[in-house]
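Accompanying notes for the structure given below.
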Amino acid sequence: MKTFRDYIFEQIGRMRIVMLGGPGSGKSTYAKELIKHFNIEHIYPGGMLRKEVEKGSEIGQAVKNIIDKGEFVPSNIVLDLIKQKVEKSPKGYILDGWPRYMQQVEEMEQANIEVDYAVFLDVSREEVLRRLLARGRADDKEEIINNRIDLYQRETGPVVEYFRKKPGFISVNAEGSTPENIAKKIIKRIENEGK
């Protein structure tokens, strides 16, 4: 008997998912579970940009100054990295933390980067602060985190609403349970949406 995953790959050839959620909502945590389950690529602009910073490349230097202020990196840098990865992902992919604002949604459409499912991770500000302060990265200070949440709500709120109106939008309460249980809930919702 064919699995849902086999059916999807037969029908559309790929599974393309975008993970939406504020800082600390668990996008990468859940993306890793979906990648394993659906056998698709993880496209994580944050991680790709951090690699550039670690390498100390010209892009990395510019990116570091922007990230240190808690601001978003210019979209043309991010889009180029994403397009390269999408082209190398024949089975599908998860876009983790991108698009962040409407200009990127437009750029995504112009670049023919398609999405079958948008998964929105709903997490309260209090929980985000708790999670990120516990993580203890250099850029995880309360004032910077609050700036990032405010910026997210201003810039990414319209993106969430845009995907909410499209088929394949899945909203999940991503707190109050274990990451494993939340990941299972997301996978089940995706599989049920596709039937």
**Message:** I'd like the residue in segment 179-195 that is more than 30 Å from residue 130 (Cβ to Cβ) and surrounded by 11 or more Cβ atoms within 10 Å (Cβ to Cβ) and, out of all such residues, is modelled with the lowest pLDDT.
**Reply:** 194
**Asked** Considering segment 26-85 alone, what residues qualify as being among the acidic types (Asp, Glu), closer than 25 Å to residue 116 by Cβ and at pLDDT below 85?
**Response** 80
**Request:** Of the conditions (1) touching a Phe, Trp or Tyr at 6+ places or on another chain (Cβ under 6 Å); (2) open to solvent by 30 Å² or more (accessible area, probe 1.4 Å), residue 55 clears all except one; give me its number.
**Result:** (1)
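The values are calculated or read from the model by the stated rules, or taken from the named source; none is laboratory data. All of these numbers come straight from a predicted model, not from anything done at the bench. Cβ sites come from the backbone with ideal geometry, for glycine too, and all protein chains shown count toward neighbours. Protein only, heavy atoms only, side chains kept; ligands, DNA and RNA dropped before computing areas. Shrake-Rupley method; radii C 1.70, N 1.55, O 1.52, S 1.80 Å.
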